[in-house]
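Below: one structure, written as structure tokens.
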Amino acid sequence: MERTNDSMLTEFVLVGLSAHPKLQTVLFLLVLWMYLMILLGNGVLISVSIYDSHLHTPMYFFLCNLSFLDICYTSSSVPLILDSFLTGSKRISFSACMIQMFLSFAMGVTECVLLGMMALDRYVAICYPLRYPVIMNKGAYVPMAVASWVSGFVDSVVQTALAMQLPFCANNVINHFVCEILAVLKLACADISINVISMAGSTLILLVIPLLVVSISYIFIIATILRIPSTEGKRKAFSTCSAHLTVVIIFYGTIFFMYAKPKSKSSVGPDNEDIVEALISLFYGVMIPMLNPLIYSLRNRDVKTAVKNMLGSKNFSDGI
């Protein structure tokens with residue numbers, strides 16, 4: 001492991017799946033295709049939300065933030081993942097590793113909080129439809145989105161700063177595609193109990209509390225929907241929430257598996273457990289951002305109509 005004169009670590013080595021070259025080739029093509037779909041799908045959602053005045057509502061403002069967040073999140077890690085698939089073991093400087101870890105962690109936490117804010121928006125829309133325009137005005141939903149971004153970046157500053165203070169004195173090989181925080185903490189040659197406690201507090205405040213907000217919101221939402229007399233009314237009411245609920249289930253299901261119980265330091269090796277954890281992290285980092293625009297567009301008539309109108313307008317302009 002390379003060190004400078006003052007014993008500061010200068011680089012890490014990302015091994016990913018370098019021991020499985022055939023799998024790397026398949027995953028390179030798959031991840032590249034998924035990344036292009038992420039850019040296309042989320043880009044289209046952002047474009048139609050801005051283009052169509054009918055979508056200038058709190059719900060689509062939050063959806064715009066979610067799409068932009070997914071683009072930023074994947075762009076902070078996917079290029080590094082693709083490069084590691086091509087080159088095998090990938091050397092990355094200590095500072096570059098910390099920056100990448102900071103950005104990925106910040107985006108992940110922001111999405112946790114943002115999904116909770118979106119649940120509150122759906123709660124007000126379904127349970128208080130007549131007061132919805134008054135409660136969810138611009139002075140309310142813009143600060144809610146800003147709070148999501150600020151909380152993610154503040155938490156990431158804390159976790160990254162704590163990780164940077166750790167000594168890494170025996171091993172600089174990260175059995176992962178990227179500088180994922182738990183994989184980095186495994187390499188520390190000092191007590192990481194402070195990091196574990198900090199991440200546990202972070203999990204409670206910025207993951208569990210938003211999940212509780214989502215759960216309680218949907219309890220009231222479902223109770224309100226069940227009181228609607230007509231079947232058609234129930235279907236329409238639930239259709240406005242089903243896409244968000246689907247995204248929440250997929251997102252929280254994966255992230256709880258990864259972060260709900262921060263792991264203490266343990267020996268690392270290219271074993272099956274490391275491979276499984278890396279593949280689950282890959283699913284979280286690429287599959288979910290790709291599914292989000294599909295879920296929202298396939299289950300949302302307004303988005304479909306807006307896309308058709310935008311494409312129709314573009315074709316008409318091209319014809320002129």
Ignoring ligands, DNA and RNA, how do W33, W149 rank by accessible area with a 1.4 Å probe, largest first? W33, W149
N309 and L30 label points (each 7 Å along its Cα→Cβ direction) are spaced in nm at 3.9 nm
Using a basic spin-label model with each label point 7 Å from the Cα along Cα→Cβ, how many nm lie between V208 and H56? 4.2 nm
If you filter the stretch 121-152 for trypsin sites (Lys or Arg not before Pro), then keep DSSP loop positions with at most 13 other Cβ within 10 Å, what is left? R131
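The values are calculated or read from the model by the stated rules, or taken from the named source; none is laboratory data. Being a predicted model, the structure only gives us computed values, none of them experimental. Cβ: placed from backbone, ideal geometry, glycine included. Neighbour counts: every protein chain shown. Just so you know, the surface numbers come from the protein's heavy atoms only, side chains and all, with ligands and any DNA or RNA stripped out. Shrake-Rupley method; radii C 1.70, N 1.55, O 1.52, S 1.80 Å.
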